[in-house]
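Shown next, in structure tokens, is the structure this report addresses.
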Amino acid sequence: MLIILLYNINYMINIKEITARYNLPPKKLLGQNFLVNPEIAAKTAALSLNGLNGGSCGVIEVGPGFGALTAELCKIYKKVAAIEIDTDFKRYYNAELCFDNLKIIFADFLKTDLKKLFEQEFCGIDNVTLCANLPYYITTPATLKIIRESFSAVTLLVQKEAADKLYAVPGSSVYCETSVLVNYFGSAKKMFDVPPSNFYPQPKVNSSLVRIVPQRICAPENEEAFFKIITAAFNWRRKTLANAVSSGLGLDKQKISEIIKKITGNKNIRG
Ligand code: SAM
């Protein structure tokens, strides 16, 4: 424990020195809470492989920041593509993050065409995973974007509250649209918790490392309609399910009520 604490303090001093040297103070608005524990970074990178052979795999990282996780990914993957929104890091990357198998792309992850990225950066590579210490402010949209793509595994370090939603079960108070969709695409499992002392600056809350492994348990005939129903049901949670779905999808309430009654036995069930 003491060794880990000293390790973190040493790394914290280093990162403070680096932020000053490159004039890169952490930007709260971009969710910049950098990992300062190299052991967690190494463990996260290793777990992201989910048993695959990294020598023949690619990985996409969202937000490399100072590269604590990026460096570990570069050590074990054939190819790493890291998407960073903050162009102020350019000088730092040119000087400090030099790996032959690393491509840094300056872009907003939420606006990045991942299919195009797969084609451009991972041609001939069968398995591509995603690994990220996600900026908290894009956790939900980024997760929803990621799980729709064909990653071999997805490993996310997120605030504990957001992590709890990823593996919430029906009936739990945090069960939400994200829980349903993550469960639809795969199975999410908590790997371990990461306390605030492992980040600089320290967030106010704990984080958790979550791994999502793709696994389809059902295949709706019309996937887009399925997504719309889930969104409608959770957007109007206080309404009856029939009301929520009919207003969300612009469908006849009577017909929807009949279908809901047939499936659940109760036409007044809530979303
Ligand atoms: N991976 C680094 C680490 O673990 O220390 C940094 C993680 S930090 C929580 C989040 C990183 O994502 C920051 O570098 C931030 O600039 C970047 N970022 C924030 N919003 C982004 C976006 N929309 N697209 C891509 N990167 C983003």
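The values are calculated or read from the model by the stated rules, or taken from the named source; none is laboratory data. Quick caveat: nothing in here was measured; it's all calculated off a predicted structure. Ideal geometry is used to build each Cβ from the backbone, glycine not excepted, and the neighbour counts take in all protein chains shown.
Annotation note: Cβ proximity below 6 Å between a residue of the stretch 109-130 that is closer than 22 Å to Val213 by Cβ and in a strand (DSSP E or B) and a residue that is modelled with pLDDT of 95 or more and within 16 Å of the ligand (Cβ to nearest atom) (sequence gap 6+ or interchain) occurs for Thr129/Ser48; Thr129/Val59; Leu130/Ile60; Leu130/Ile146; Leu130/Val154. Taken together, Phe66, Phe99, Phe89 contain a single residue that is among the aromatic types (Phe, Trp, Tyr) and either in contact (Cβ under 8 Å) with a residue 60 or more places away in the chain or not assigned by TED's automatic domain parsing to the domain that holds Val128 (or both), which is Phe89.
Could you check the stretch 35-71 and list, in sequence order, the residues that are outside any helix (DSSP H, G or I) and of a type in the set (A, V, I, L, M)?
Of all residues in the stretch 35-71, those outside any helix (DSSP H, G or I) come to 35-37, 49-53, 57-67.
Leu35, Val36, Leu49, Leu52, Val59, Ile60, Val62, listed by residue number.
Given the residues Lys239, Lys267, Lys204, which is the only one that is among the charged types (D, E, K, R) and at pLDDT 90 or above?
Working: Lys239 fails: at pLDDT 90 or above; Lys267 fails: at pLDDT 90 or above.
Testing whether each residue is among the charged types (D, E, K, R) and at pLDDT 90 or above leaves just Lys204.
Looking only at residues in the stretch 182-193 that are surrounded by 19 or more Cβ atoms within 10 Å (Cβ to Cβ) and aliphatic (A, V, I, L, M), the one that is nearest to Arg270 (Cα to Cα) is Val182.
A residue that is modelled with pLDDT of 90 or more and within 20 Å of Tyr137 (Cα to Cα) occurs somewhere in the stretch 183-193. Tell me which of these Val174 doesn't satisfy, since it passes every other one: (1) more than 17 Å from Arg216 (Cβ to Cβ); (2) buried (at least 19 other Cβ atoms within 10 Å of the Cβ); (3) not acidic (Asp, Glu). Condition not satisfied by Val174: (2).
The condition of being basic (Lys, Arg), within 17 Å of Thr19 (Cβ to Cβ), within 15 Å of the ligand (Cβ to nearest atom) and touching a strand residue (DSSP E or B) at 6+ places or on another chain (Cβ under 8 Å) holds for Lys90.
The residues listed here are Glu121, Glu84; of these, the one that is within 8 Å of the ligand (Cβ to nearest atom) and at pLDDT 95 or above is Glu84.
What do you reckon, is Glu161 part of a helix (DSSP H, G or I) and farther than 30 Å from Phe118 by Cα?
Yes.
Scanning the stretch 34-61 for residues that are more than 14 Å from the ligand (Cβ to nearest atom) and more than 18 Å from the chain's Cα centre (by Cα) yields Gly51, Leu52, Asn53, Gly54, Gly55, Ser56, Cys57.
Restricting attention to the stretch 124-143, the residues being within 15 Å of the ligand (Cβ to nearest atom) and either surrounded by fewer than 14 Cβ atoms within 10 Å (Cβ to Cβ) or not assigned by TED's automatic domain parsing to the domain that holds Lys28 (or both) number 2.
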